[in-house]
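Report on the following structure.
The values are calculated or read from the model by the stated rules, or taken from the named source; none is laboratory data. It should be emphasised that the depicted structure is a prediction, and the values quoted were computed from it without experimental measurement. All Cβ positions, glycine included, derive from the backbone under ideal geometry; neighbour counts span all protein chains shown. Remember, those area values only see protein heavy atoms, side chains included, never the ligands or the DNA or RNA. Shrake-Rupley method; radii C 1.70, N 1.55, O 1.52, S 1.80 Å.
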Amino acid sequence: PVGLSKLLSFSPGVAIKDYGGAGAIKTISIRGGSSSQTLVMIDGMPISSTQNSSVDFSLIPVSMVNSLEISRGGASAIFGTNALTGVVNIISDQNLKNNFNIKLFAGTFEDYLAALGFTFADSLRAIN
């Protein structure tokens, strides 16, 4: 399955560091910087970890993404300290509806993934 990290890797200057198979951590690097030097936001709100200032892109479902905004280069004057090498803003789908999904994936080398999920959406928030 195509994940958010795969979509981001098609952008020039963006590299995704994949630390394993299905379910392993995937971090972003823009223009050679570390993941802690790249600001990641969802609808303009920073989601970087307070522990190490990075984001695991394997945890963000591609089904919630409506569009991506990628800004390469320093933007710390606008967005703050984590925007040294660039900014990724994930624009979410605002038309979320209540749904239930099951995903099954089988790959090479006995790589399997099973996921069960639901989305409960109301006018204020979405839980996934």
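Key figures
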item: Leu113 being touching a Phe, Trp or Tyr at 6+ places or on another chain (Cβ under 6 Å), open to solvent by 40 Å² or more (accessible area, probe 1.4 Å) and touching a residue at least 40 places away in the same chain (Cβ under 8 Å); result: yes
item: Pair list, Cβ under 9 Å, 6 or more apart: region 51-73 residue closer than 16 Å to Lys17 by Cβ, other residue in a strand (DSSP E or B) and of a type in the set (Asp, Glu); result: Ser58/Asp18
item: Residue list for region 47-70, filter: at pLDDT 90 or above and surrounded by 16 or more Cβ atoms within 10 Å (Cβ to Cβ); result: Ile70
item: Boolean, Leu8 is touching a residue at least 24 places away in the same chain (Cβ under 8 Å), more than 24 Å from Gly117 (Cα to Cα), buried (at least 16 other Cβ atoms within 10 Å of the Cβ) and in contact with a strand residue (DSSP E or B) (Cβ under 6 Å, 6 or more places away or on another chain); result: no
item: Members of region 85-100 found to be surrounded by 10 or more Cβ atoms within 10 Å (Cβ to Cβ), modelled with pLDDT of 70 or more and part of a strand (DSSP E or B), listed by number; result: Gly86, Val87, Val88, Asn89, Ile90, Ile91, Ser92
item: Residue in region 65-73 that is within 18 Å of Ala115 (Cβ to Cβ) and either aromatic (Phe, Trp, Tyr) or within 13 Å of the chain's Cα centre (by Cα) (or both) present; result: yes
item: Subset tally (residues that are open to solvent by 60 Å² or more (accessible area, probe 1.4 Å) and in a strand (DSSP E or B)) for region 71-84; result: 1
item: Failed item in (1) in contact with a helix residue (DSSP H, G or I) (Cβ under 8 Å, 6 or more places away or on another chain); (2) open to solvent by less than 50 Å² (accessible area, probe 1.4 Å), with Ile25 passing the rest; result: (2)
